[in-house]
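The values are calculated or read from the model by the stated rules, or taken from the named source; none is laboratory data. Only a predicted model underlies this, so the values are computations on that prediction, with no experimental measurement involved. Counting neighbours? That spans all protein chains shown, and the Cβs are built from the backbone with ideal geometry, glycine included.
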Amino acid sequence: MEDLRDDIKSLLLSSTKRNFVLECATGTGKTYLALQKVNQLYTTDSKILIVIPRNVLIQNWIEEFKKWHYEDMLSNVTFVTYVSLPKMAGTWDICIFDECHHLSERCREALRSFCIHHSLFLSATINKEIRNYINLKFTEQEAIDATKEYVDSYKDDTTKMRLLKYFILRTYFDNKKNSHFSAFDQHFS
């Protein structure tokens, strides 16, 4: 089990992605792995939200921070239950969804009012509906950010506008599953 955890830790810490799903068996060390990534991303200005199913888990998280010598981060951490999650809308640098299979439809709706820069979803059992939501909401945002970064790398405003039109129309055609997309692609190449 420790070898698996070390492999996951290595992948997690070497990745530049902003959103992670840690769906691992109970006892794998999901909390430890999440804290390793938080430590990598942490600055003294970081706003960290940890979403838990029950308040009784707050003490467990505090003990884990202390166990791995990250207690200095605790002043930047806010704990909230899934029930109270909608009250925490706003901007968060890092958000951990512990036991994310508790992410109800109400919570998913509330997350529309959140701006989360980095997220970690932890669970041993994520159902298909939650997994699809995570992939759609959080992976799509990474693609949008990457597209913006790519477009911004061009100095010429005309090229930037052409690329933006391309990405917007491509997204539209992808969403409509338009069969004429390849002709559209050729037009912009």
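Tell me which residues, restricted to the range 80-106, are in contact (Cβ under 8 Å) with a residue 40 or more places away in the chain and out of contact with any strand residue (DSSP E or B) (no Cβ under 7 Å at 6 or more places or on another chain).
If the condition is that a residue be in contact (Cβ under 8 Å) with a residue 40 or more places away in the chain and out of contact with any strand residue (DSSP E or B) (no Cβ under 7 Å at 6 or more places or on another chain), then HIS102 is the only one that fits.
Restricting to the range 115-127, name every residue that is within 14 Å of ILE50 (Cβ to Cβ) and of a type in the set (A, V, I, L, M, F, W, C).
Those that are within 14 Å of ILE50 (Cβ to Cβ) and of a type in the set (A, V, I, L, M, F, W, C): ILE116, LEU120, PHE121, LEU122.
Given the condition at pLDDT 90 or above, farther than 27 Å from GLU129 by Cα and in a helix (DSSP H, G or I), answer yes or no: does some residue in the range 4-20 qualify?
no
Take the conditions more than 21 Å from LYS137 (Cβ to Cβ), surrounded by 15 or more Cβ atoms within 10 Å (Cβ to Cβ) and either assigned by TED's automatic domain parsing to the domain that holds TYR133 or under 17 Å from the mean Cα position of the chain (by Cα) (or both) and apply them to TYR32. Does it pass?
When the stated conditions are applied, TYR32 does not pass them.
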